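What follows is a set of notes on a single structure, which appears directly below.
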Amino acid sequence: MSGTEGAVLVLNAGSSSLKYQLVHPDTGDVRADGIVERIGEELSSITHGQGDEVISESLQIADHHAAIERALRCFADNGTDLATAGLAAVGHRVVHGGRTFYEPTIITPEVISEISRISTLAPLHNPANLVGITAARTFLPEVPSVAVFDTAFFHGLPDAAATYAIDRGVADLHAIRRYGFHGTSHEYVSRRAAEFLGRDVEEVNQIVLHLGNGASASAIEGGRPVDTSMGMTPLEGLVMGTRSGDIDPGLVLHLHRVAKLSVDQIDTLLNKQSGLRGLCGENDFRAISARIEQGDEAARRAYDVYIHRLRRYVGAYLITLGHVDAICFTAGVGENSAPVRADALSNLENYGIIVDAERNALRSRESRRISTDDSDVDVLVVPTNEELAIARQAAAVV
Ligand code: ADP
């Protein structure tokens, strides 16, 4: 079928959502994309865009299996039977590869068992990813499925950066180490940044700030990550939409012993009711920015805590890298919020970092430089494209 031959269906199955995109790995052309939200709740929704057609529907979708079935029906309703469309692969974003997986991996029954075994490390994420994988194999049995792991890029983190200072025996027994996440994005953005600068990625030291609903920072030396803010789980590090990021681990014990919260309640508190939402009841950055404009104090405080943490990581990574060529902002907040970029890097002239207010204020979907001409460090905005990166990696191994 023309247009879909050689394309990759990229599936990103989150805990209650399924995002998908049909993209051509060579050209980056997006043939279709969609999102199923509130899976398993009373009323779910699907939005599917293909060509000029957009289908939006509210209905009950019980699980990820049903979500994929519904998405495939949207394709069929638009005249595309994905089972016979000549797809090169289905590319699955899988959050945790544990100690086993650090390369794009063709799915076999053995791979499924191993991803399932690793699920204890990412109980909120890997099980949903697995349902996506099994459903794709059921509905598109002729198309190879490839898992692309969010932890993969950070596989080679230096031992000192990957190791928690806890009892070695306990750590080894339970696979406890810092794995890092958003790796597909950090790798893609760091390569795009080098391209933008017209240099080999091996020559460039950079700090990448992926600021979306989830958020993470990484220090990348010549294309290889040397530190990252997320740890054994995606909970560590920066303040996020609904996740706390760094906290004193003693706080968890206190919540259990004194506040009498169960492990599951603490899990929910730290993953879903913390971060920006915990501080001001809101995790959407646009809404928070609007509230700050109106003088809302809780929103202002949430913003200040967010920026404080971000600056702490920038400072740490400047020292980790010693010499920094570029600082890159990416993902929803990083690509769109000029105030966050300005505040994250204000008053750093002594470190050779000067953001240009006018360049920073310009809106664009393209990669761009927002530092002044005499800033030693190039400050860049580099739009991420995890779907394309997954599609390319999946197509490369089949
Ligand atoms: P994820 O993929 O982690 O769900 P995104 O990378 O899409 O998240 O980022 C979502 C975040 O980006 C939300 O907090 C949203 O409010 C924020 N965002 C999107 N557009 C803007 C904008 N124009 N200004 C400020 N924040 C924005």
Report the label-to-label distance for residue 362 and residue 103 in nanometres (one decimal), using points 7 Å from each Cα along the Cα→Cβ vector.
-> 4.1 nm
Search the structure for amide H atoms under 5 Å from the amide H of residue 31, placed 1.01 Å from N in the peptide plane, and list their residues when 5 or more places away or on another chain.
-> 22, 23, 24
Please give the direction-averaged projected area of the C-alpha convex hull for the chain, in square nanometres with one decimal.
-> 20.7 nm²
Residue-wise, which Karplus ³J(HN,Hα) couplings in Hz belong to region 207-220, taking 6.51 cos²θ - 1.76 cosθ + 1.60, θ = phi - 60°, and x for glycine or proline?
-> 10, 10, 10, 8, 10, x, 5, x, 9, 8, 10, 9, 10, 10
Using the beta-carbon distance between residue 5 and residue 42 and R0 = 51 Å, what value does 1/(1 + (r/R0)^6) give for FRET efficiency, to the nearest 0.05?
-> 0.80
Residue separation times 0.36 nm, minus the C-alpha to C-alpha distance between residue 252 and residue 264: what's the value?
-> 3.2 nm
Rounded if a/c is under 1.5, else prolate if a/b is larger than b/c, else oblate: which is region 298-390, with a ≥ b ≥ c the root eigenvalues of its Cα gyration tensor?
-> rounded
Please turn the phi angles of region 383-398 into ³J(HN,Hα) values with the Karplus equation 6.51 cos²θ - 1.76 cosθ + 1.60 (θ = phi - 60°), one per residue in order, whole Hz, x for glycine and proline.
-> x, 7, 8, 5, 4, 5, 4, 5, 4, 5, 5, 5, 5, 5, 9, 8
Can you grab the distance from the C-alpha centre of region 87-142 to the C-alpha centre of region 266-331, Å, no decimals?
-> 31 Å
Angstrom value of the Kirkwood radius, inverse mean 1/r, which spans all Cα pairs in region 72-210 = 17.2 Å
For the chain, what relative contact order do you get, as a whole percent, if you take Cα pairs closer than 8 Å and at least 6 residues apart?
-> 15 percent
Summing +1 per Lys or Arg and -1 per Asp or Glu among the other residues with Cβ less than 15 Å from residue 392's Cβ gives -4
GNM of the chain, Cα pairs under 10 angstrom: of 287, 298, 161, the biggest fluctuation goes to 287
Label residue 372 and residue 174 with points 7 Å out from Cα along Cα→Cβ: what is the distance between them in nm?
-> 5.0 nm
Theoretical ellipticity at 222 nm over the chain - DSSP helices of four or more residues, -39500 (n - 2.57) apiece, nearest 500 | -11500 deg cm²/dmol
For region 1-159, what D do you get in µm² per second when you plug the Kirkwood radius from alpha-carbon pairs into Stokes-Einstein at 4 °C and 1.567 mPa s?
-> 81 µm²/s
If you take every DSSP beta bridge whose two residues both sit in the chain, what share of them, in percent to the nearest 5, is antiparallel?
-> 70 percent
Normalised convex hull volume, region 25-89, alpha-carbon set, Å³ per residue | 89 Å³
Per the C-alpha gyration tensor (a ≥ b ≥ c, the square roots of its eigenvalues), region 95-171 is rounded if a/c is under 1.5, else prolate if a/b beats b/c, else oblate; here it's prolate
What list of ³J(HN,Hα) couplings, whole Hz, do you get for region 177-193 from phi and the Karplus terms 6.51, -1.76, 1.60, once you set θ to phi - 60° and write x for glycine and proline?
-> 7, 8, 9, x, 9, 6, x, 4, 6, 4, 5, 4, 5, 5, 6, 5, 5
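Bear in mind these aren't lab numbers, they're just calculated from the coordinates by the rules spelled out. These numbers come from a predicted model, not from an experiment. Cβ atoms come from the backbone with ideal geometry, glycine included; neighbour counts cover every protein chain shown.
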